[in-house]
Every structure is written in structure tokens, then in C-alpha cells.
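A short worksheet on the structure shown next.
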Amino acid sequence: MLDLIISGSYGNPSSTHYLGRETKKIVDQARELVADSLFCDPENIIFTSGGTEANNLALRGIHFPSNRFRIAISAAEHSSVYNTAHEISPFVDIIPLKKDGSLDLDAAREIITSETALVCVMLASNETGAIFDVKKIAEMAHSVGALVHCDAVQAYGKMFVSPYELCVDTLSISGHKVHAQSGVGALFVAPGVFIRPQITGGPHERGFRAGTENYIGILSLGCAAEDILKGGYLSSALRDLFEKGLKYKLQNVTINAEDVERIPNTSSVIFHSISSAEMLLHLESYGVIASAGSACSSGFLSPVKTVLAMGKSTEDALSTVRFSFSKLSTMQDTVTALEACILSADVLRHRLN
Ligand code: PLP
């Protein structure tokens, strides 16, 4: 990637001259690698500017038959699905979560009907890491003739992801979640599923997404896909050690969705009676960077939506901190994070007493 940037010797992949052909080769190779990592064919991959655009392309691009107007989405969906669904339809049904953080499949069975055009369920929650039973949802949706979109942005690279195995019609991934650049992503579209392009213009991406390809970003996504193919998926060992240490050393912590199957990198922790905003500040002073609810317009952190959807209180959702591990995390990082949590919680709880 650096060679390409430094040499500046790249052309527009749509150009027929030698430099264009070289760049096209890079884009084609990346497409093959991304397709391999998803166990699908390259012609089913559309490169986009990220997960948000891939989700928009799926939701806005899918054809709604006139007798079907409802969209069903899970309560855990990322804003790029949640807000888009509400933008395009006044009839959005929310599939609730259960208290343990899993998807309420009984409720889904009631919600998904012959009026449903599209069902959107993410493969893993970006907030708790809980893995949702997308395959079951796809069975329900297809049995009534609805299409299924799966946001696999958080799951990709952390677990086996195959749109065919999940039986979904479209599936999105994003580069920055797998150590590729930010500003690149992809949408899988199953053969036979028609998607209306949302960015029109030239014939790029087989007409599904006009505009000269972000080939450096695409190359980085191809490299990340190659790493996933070679390196396998992340182990949960460090995350599990971190959580064990927290529970052993600190009273009054709850691990969200602890009892359901989760992706191996995510730990969502409620530090009861401590505000997540204060916890984040303290953790950062020890060099530990974590996250909590998104910042709202007033500058304060909003409660973590998925924690609320699990039936927990606003107070719990405002005391939730999410820790993310990656293939770059070490045992030393984990111990540092654990110690920082213990020290920070001690200081903040002491101040309350
Ligand atoms: N979906 C999920 C589950 C995410 O966590 C994110 C981003 O973090 C997105 C979609 C959006 O992806 P992007 O930032 O590439 O637009």
C-alpha cells in the first residue's frame, strides 16, 4: 500500500492504459480476497466507502413490492441501519432483545409477517459483542417472502462469516474493524437479488456504485481479508482473562451478555454507581482507551442503547464501558487495562462514599 502511495504510480482502474490496468488488477485481487474470506464469488462483492454506505445501499437499494411496506430491524442495530430504516419507511418494527442480550426469536416470529419487505439483523452487536441467530431470522423472513440484510461489520474477522451459510440476501462489512483503512467497506449481494444503485454515474462496481474506486483503501481491505484467511479468527483468551480479573478484584461489576455466545474481542462492563464518562477519563490517564455510549448533541454521553434494549436501567446504561481487544492486544495490555480499571473504580467509588 505504502509503495503504491509513495511511488504515486497508479492509474484510474477504469482507464485502459497500462497504469489503469495495473490498478484494476489490484482492485480485482482485493475483490477476490474479500470474496474468499466471505466464501462467496467476487462478482457478488460491491466496494463502498464503509459499513454505513454498504448498509444504506442494501436498505435503500432493495426493491419493496407494493403489497409489502414494513421493515423489521433488531433493537441492537447500528445507527446506519436504525436511522436509514426510519428514513425510508414509516413502518419499522423493532425485534426486541432478551435480558441476556440475545435476540428475542419468539417476538421476531410475531413481527415478521407477509407485510414485511425486509428484515435487518446484525450478526454481532458492536456494543455487547452478542452474536445473533441470523440464520433463524433468515428462515423466518424467507418463509414469508421477505428479504434479509445482515450488518456483519462487527463480526467480520472475529468469527466465521458466510452469507450463504447465514442464508442472507445482502451483508455488509467495514475496513476499519479489521485493521484496513477507514473509509472502505463492501456489500455482498446474493445472486438474483436486485439492488438499485444509490450513487449513480459511471459503470464502476458493475453499475452498482458509481465513482472511481478508492483503490488504496480497497487494497487495504484485500490485505485484511488475506490476513483473516491466513490467520484465522481472534481468540477470546485475553478478553476472558480481563473479565475474570475484573470480577475477582472488583465488587459491583456486571458483564453485559456474559451468558450468551459473543465475538471474542468485546467486553461490555457495567461499573455500577460509576459514570462511564468519568471512568473513561480515568482510564485514559492510565493510557487505556475504551468507549461508552455515543456523544449526544449536548456533549454528554448517551446511555448505551443495546444495554437499555436488554431491559437494564438508564443508570446501568450510563455506567457501561466497552473494551475492545484485537490481534494487536498483548497480555501486558490486558494487565494494564485490568489494573487501570481497578484503580479507577477505587478512586471513583471512594469519592462517592
Ligand atoms: N455497523 C456496525 C455494527 C458498526 O459498528 C459500524 C461502525 O463502527 C458501522 C456499521 C458503520 O461502519 P463505517 O464506520 O465503516 O461506516
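Since every read-out is calculated from the coordinates, none of them should be taken as a lab result. A quick note: this is a predicted structure, and the numbers were derived from the prediction, not measured. As a convention, Cβ positions derive from the backbone with ideal geometry for all residues, glycine included, and neighbour counts pool all protein chains shown.
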| remark: Note on the range 77-203: contact order normalised by length, alpha-carbon pairs under 8 Å, 6 or more apart, percent, works out to 16 percent
| request: Towards the positive end of the charge dipole of the chain, with charges on Cβ (+1 Lys, Arg; -1 Asp, Glu), say which of 145, 215, 69 has the farthest Cα. | output: 215
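Can you bin the range 202-309 into rounded, prolate or oblate? Criterion: square roots of the alpha carbon gyration tensor eigenvalues sorted a ≥ b ≥ c, rounded for a/c under 1.5, prolate for a/b above b/c, oblate for the rest.
Details: a/c = 2.51, a/b = 1.66, b/c = 1.51.
Here the range 202-309 falls in the prolate category.
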| Most mobile of 193, 288, 307 per a Gaussian network model of the chain (Cα springs, under 10 Å)? | 193
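Taking Cα pairs under 8 Å and at least six residues apart, what relative contact order does the chain come out at, in percent?
Working: 713 pairs, mean separation 63.7, N = 353.
Worked out over the chain, it gives 18 percent.
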| How much of the DSSP beta bridge set in the chain is antiparallel, as a percent to the nearest 5? | 60 percent
| remark: In the chain, taking the dipole from +1 charges on Lys and Arg beta carbons and -1 charges on Asp and Glu beta carbons about the Cα centre, the listed residue (103, 293, 155) farthest towards the positive end is 293
| said: Show me, bin by bin at 10 Å from 0, the whole-percent P(r) of the chain based on Cα pairs. | reply: 5, 24, 30, 24, 13, 3, 0, 0
| Out-of-range pairs (alpha-carbon distance over 27 Å; input 24/158; 244/305; 98/327) | 24/158; 98/327
| Over the range 9-91, what is the mean sequence separation of C-alpha contacts under 8 Å (at least six apart), divided by residue count, expressed as relative contact order in percent? | 17 percent
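When the helices in the chain are scored as -39500 (n - 2.57) per DSSP H run of 4 or longer and the sum is shared across all residues, what 222 nm value do you end up with, to the nearest 500 deg cm²/dmol?
Values: 13 runs with 139 residues, N = 353.
It comes out at -12000 deg cm²/dmol, rounded to the nearest 500.
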| Alpha carbon centre of the range 177-215 versus the range 144-175: separation in Å? | 16 Å
| field | GNM result for the chain, Cα springs below 10 Å: residue of 324, 313, 182 fluctuating most strongly | value | 313
